[in-house]
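One structure below.
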Amino acid sequence: MITRRDFSTLLAAAALAPASSGLAGAQSRPVARNVVLVHGLFADGSCWSEVIPKLQAAGLNTTAVQNPLTTLDDAVASAKRVLARQDGPTVLVGHSFSGMIVTEAGLEPNVSALVYVAARAPDAGEDYAALAKTFPTPPASAGIVFDGDEGRLTEEAFLRDFAGDLPEAKARVLYAVQEPFHKALLAGKTTVAAWRSKPSFYAVSTEDRTIDPDLERFMAKRIGATTIEVKSSHLSLISHPQTIADLILKAAGR
């Protein structure tokens, strides 16, 4: 478990990292026409259903990727296929695990900005699990169960630690559409870090019990992201959809 002194040291190191994203390219990026949304573990594309209409109302062509949750290569390929169908500048948005996908696929030439929503933001080749172990273990980790090679959250952990600030009835619907992930997915490492060359934005969930909030803050600072903090569970995209939509619109230059 990381100490306060260690956390301060890590933040200082992050501030010195040679990131060239975030505010550095914010003034020169084109106004985006499109948004591509990618979901993480324990979810499917419907988790963006509260954000999508707000982006569409602002005139943005919006697509939610159905992440296969098999391997990182498969997931990145799926996102790239959707990106290839976009006409013009596109904001690529990832929640939770799919920050890995955003970091890898975000180098596609039509991606104008990256948005991380309580998401992983690794460096190229980084062992994310090792990084996460330097911070307190989030409670949701204890709720992951496996059926062979497929993992999922128990209902108790899903309602309490993943979707803790949602009405129970809504959280149970989301639990019902939970997509199992394959163990092989967790072994993947990014080969590039798109945030080093693309403007980046980050929404920290301050009440997160799935990714430690201080780990989110560390990653947001390291990548030089324009950062907001949302008093939310891991599912800020559902409990605070307008706040998340506003951040995406900012990334789109709207």
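Restricting attention to region 201-254, which residues are open to solvent by 30 Å² or more (accessible area, probe 1.4 Å), in a strand (DSSP E or B) and polar (S, T, N, Q)? Of everything in region 201-254, just one residue is open to solvent by 30 Å² or more (accessible area, probe 1.4 Å), in a strand (DSSP E or B) and polar (S, T, N, Q), namely Thr227. Here Lys133 does not qualify as of a type in the set (Lys, Arg), modelled with pLDDT of 95 or more and over 26 Å from Arg217 (Cα atoms). Only one of these is at pLDDT 95 or above and acidic (Asp, Glu): Glu179, Glu229. Name it. That would be Glu229, the only listed residue that is at pLDDT 95 or above and acidic (Asp, Glu).
Filtering region 143-156 to residues that are free of Cβ contacts under 8 Å to residues at least 24 places away in the same chain and either closer than 18 Å to Thr206 by Cα or touching an Asp or Glu at 6+ places or on another chain (Cβ under 9 Å) (or both) leaves only Gly143.
Considering each residue of region 86-105 in turn, none proves to be open to solvent by 40 Å² or more (accessible area, probe 1.4 Å) and either among the β-branched types (Val, Ile, Thr) or modelled with pLDDT under 95 (or both). A single entry from Gly143, Gly148 fulfils the requirement of being out of contact with any strand residue (DSSP E or B) (no Cβ under 8 Å at 6 or more places or on another chain) and small (Gly, Ala, Ser): Gly148. For region 147-172, the set of residues classified as exposed (fewer than 13 other Cβ atoms within 10 Å of the Cβ) and assigned to a helix (DSSP H, G or I) consists of Glu156, Glu168, Ala169, listed by residue number.
Just one residue in the set Asp127, Asp165 is over 25 Å from Gly45 (Cβ atoms) and modelled with pLDDT of 95 or more; that residue is Asp127. Reported count of residues in region 187-222, each being β-branched (Val, Ile, Thr) and more than 13 Å from the chain's Cα centre (by Cα), is 4. In the condition set (1) more than 17 Å from Ala43 (Cβ to Cβ); (2) free of Cβ contacts under 8 Å to residues at least 60 places away in the same chain, Leu159 is compliant with all but (1).
Among the residues of region 132-146, those that are more than 14 Å from Phe97 (Cα to Cα) and assigned to a helix (DSSP H, G or I) comprise Pro139, Ala142, Gly143.
The values are calculated or read from the model by the stated rules, or taken from the named source; none is laboratory data. Computed from a predicted model, the values in this text were never measured in an experiment. Cβ atoms come from the backbone with ideal geometry, glycine included; neighbour counts cover every protein chain shown. Remember, those area values only see protein heavy atoms, side chains included, never the ligands or the DNA or RNA. Shrake-Rupley method; radii C 1.70, N 1.55, O 1.52, S 1.80 Å.
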